[in-house]
1. Can you sort B:147, A:36 by how many other beta carbons sit within 10 Å, fewest first?
2. On a straight-distance basis, which lysines could pair with residue B:153 in a cross-link, Cα separation under 17 angstrom, same-chain partners fewer than 8 positions away excluded?
3. Pop a pseudo-label 7 angstrom from the Cα along the beta-carbon direction at both residue A:46 and residue B:201 and give the gap in nm to one decimal.
4. Work out how much length residue B:232 to residue B:215 would gain on full extension: take 0.36 nm times their residue separation and subtract the Cα-Cα distance, in nm to one decimal.
5. Which FRET efficiency value, to the nearest 0.05, do you get for residue B:225 and residue A:3 by plugging their Cβ-Cβ distance into 1/(1 + (r/R0)^6) with R0 = 51 Å?
6. Counting other C-beta atoms within 10 Å, which of A:67, A:1 has the fewest, and how do the rest follow?
7. Once label points are set 7 Å from the Cα along Cα→Cβ at both residue B:54 and residue B:18, what is their separation, rounded to one decimal in nm?
8. Any idea how many Lys pairs in region A:3-78 come in under 17 angstrom at the alpha carbon, given 8 or more places apart or on separate chains?
Amino acid sequence: MSQRSQVVNLYKTLLHLGKDYPSGYEYFRVRLHNAFMKNKDVTDPEKIKKLIGHGEYIVKEIEALYMLKKYRTLKRRYYNNN
Amino acid sequence: MARVLVGVKRVIDYAVKIRVKPDKKGVVTDGVKHSMNPFDEIAVEEAVRMKEKKLVSEIIAVSCGPVQSQEVIRTALAMGVDKGIHVEVSGPEYETLQPIHVSKILAKIAQNEKVDLVIVGKQAIDDDSNQTAQMTAAVLDWPQATFASKIEKGDKELTVTREVDGGLETIKCKIPAVISADLRLNEPRYATLPNIMKAKKKPITKVTPKDLGVDISPRIEILSVEDPPVRQAGVILPDVDALVTKLKEGGHVP
C-alpha cells in the first residue's frame with residue numbers, strides 16, 4: 001500500500017471512531033483535521049512512517065478508551081454494591 | 001466441530017439519556033442512537049475467540065426486532081460472526097415481545113441450525129430481564145451455565161466459572177448447553193471500518209416468528225412507564241437549632 005493510501009485509510013478509520021467520541025463527532029473531526037493538516041508538508045518517507053505509526057497508536061488508544069468507558073459505566077450501573 | 005448461536009439485541013446506546021414518552025407507555029426511541037447490547041457484545045466476542053482457537057466451526061448471530069436490528073447483526077458479522085438470522089418483529093408486537101417469546105425463537109433456531117452452544121448476554125440493558133438464557137435452556141432441555149466469567153471448552157463438556165453472590169462458582173456441564181455472558185468474561189473488540197465493509201458481504205437470512213412456528217401474542221400489557229424519582233434539592237440551614245428542628249419535623253430523630 002502506498003503511503004498516501006495508508007494516510008487516507010488512517011484518516012477514515014479515525015473519522016469512523018470519532019462518531020462515538022464522548023465530546024461529539026464535530027469536536028473530534030475538527031481536531032483530527034487540524035492534526036493532519038499540521039503535518040501536510042512533511043515529505044520525508046521515514047518521518048511519514050513515524051507519523052502513521054503515531055496515528056495507529058491513537059486508534060488503539062481511542063478503542064481502549066471506549067471499551068473502558070463502557071465497562072466502567074456498566075460496572076457502576078450493575079455492580080455498585082461492592 | 002461445534003457450531004455456536006449467539007443472540008444479539010438492539011438496544012438504546014448505553015451512553016444515551018433515556019426519556020419517557022409523554023403518554024407514559026414507553027421510552028422515546030425515535031432518533032435515538034442504538035447499538036448492540038453490551039452483554040451481547042461480550043457473548044459475540046467469546047464465540048469469536050472460540051473460533052480463533054479452532055474450537056468452533058461456525059458462528060450464527062440472531063436478532064429479534066424491527067428492520068434496524070440488522071444493524072447489530074452487521075456489527076456482530078464485523079466482529080467475526082459468519083452469518084446472521086434476522087427474526088422480524090416490529091411495531092406493537094415488538095413492544096410486548098418478552099424473553100419467553102425470544103427464548104422459544106432461539107430454541108427453534110438452535111434446533112434448525114443444529115448448534116451445540118447458545119451464547120447470549122446475561123441481560124439486556126433496556127429491559128434488564130435476565131431471563132432469556134435460562135428460558136432457552138429450559139425450552140431446549142439443555143444444561144445452562146449462566147453469568148459466565150470464564151469458559152473452557154472441552155470435547156464433550158464445558159467448564160464454566162460463574163459469578164455468584166460474593167464469589168465464584170465453577171461448574172462442569174455437558175454440550176449442548178446454553179451460556180450467558182457476564183461483564184468480566186472478556187473485553188469485546190471494536191468493529192473496525194474495513195471489517196464492517198467486509199461484513200456487508202456476509203449473508204443475513206430473514207425469517208418471521210410464524211415461519212418458525214412461534215406464537216408471539218402478547219403476554220403482558222404495558223400500563224405505565226415512569227421515570228425514577230428525582231433527588232430532592234437540599235437546603236442550607238443557618239444553625240444547629242434549625243437543623244434539629246428540621247430533623248424532628250422530618251421524623252429522623254425522636
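What follows is calculated from the coordinates using simple rules that are stated; it is not laboratory data. Here the structure is a predicted model, which is why all the values come from computation and not from measurement. No Cβ is skipped: glycine too gets one built from the backbone with ideal geometry, and neighbour counts run over all protein chains shown.
1. Details: B:147 22, A:36 15.
Least crowded to most crowded, the residues run A:36, B:147.
2. Straight-distance partners of residue B:153: B:51, B:53, B:54, B:172, B:174.
3. Between residue A:46 and residue B:201, the simple spin-label model gives 3.9 nm.
4. On the way: separation 17, 0.36 × 17 = 6.12 nm, distance 4.52 nm.
Extending this stretch completely gives an extra 1.6 nm.
5. Values: r = 54 Å, r/R0 = 1.07.
Computed FRET efficiency for residue B:225 and residue A:3: 0.40.
6. Lowest count first: A:1, A:67.
7. 4.5 nm
8. Here the count comes out as 14.
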